[in-house]
Amino acid sequence: MPTIIQISNADRNLSQFSKGIKLAGLEEKLNGFGPFTILGPVNLAFGRMGELYETLLQPGNKSKLIDFLSDYVLTGKKLLLDFRNNQKIASLGGNQVTVEVKNGDIHLNGAKILARDRQGSNGVVHLLDTTFIVETSTPN
């Protein structure tokens, strides 16, 4: 069975996400034992960010890229059935992802899960229709 990174890398809809994971140096961690849940925004979602994502991919912004992408990874394996309305889940980046159920669809910080439950040997991958803003766990 492939790892979640192998699943992400093989999906052409996640090529921008996979590129960021590689540049951030997160591939080794996410190829590890896990389990992890990847919430991968599709390429179109990154396109809507304009130049911001391209700026994050620049070598001088690696720590910001790590922070950004870590919020799209949850520790533990979260299948679609595990998400509950108003649930708050900590991301790998330490911020909160809020679950909202609307008309039978699952939304995470406003991003709708498009493809779901793509299981790998060390977790699961869900595809999101957009990027999201995270709620910080600690007060500013």
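Derivation of every value follows stated rules applied to the coordinates shown; laboratory data play no part. Please read all numbers here as calculations on a predicted model, not as lab measurements. So basically every Cβ, Gly included, is an ideal-geometry build from the backbone, and we count neighbours across all protein chains shown.
Below, the figures for the structure above:
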{"quantity": "Only listed residue being surrounded by fewer than 20 Cβ atoms within 10 Å (Cβ to Cβ), in contact with a Lys or Arg (Cβ under 9 Å, 6 or more places away or on another chain) and touching a residue at least 60 places away in the same chain (Cβ under 8 Å), chosen from Gln96, Gln119", "calculated": "Gln119"}
{"quantity": "Residue in the range 75-124 that is farthest from the chain's Cα centre (by Cα), counting only those that are under 21 Å from Ala10 (Cβ atoms) and of a type in the set (Gly, Ala, Ser)", "calculated": "Ser121"}
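For every residue, the table says whether it meets (1) buried (at least 17 other Cβ atoms within 10 Å of the Cβ); (2) farther than 24 Å from Lys112 by Cβ.
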residue	(1), (2)
Pro2	no, yes
Asn9	yes, no
Arg12	no, no
Lys22	no, yes
Lys64	no, yes
Val73	yes, no
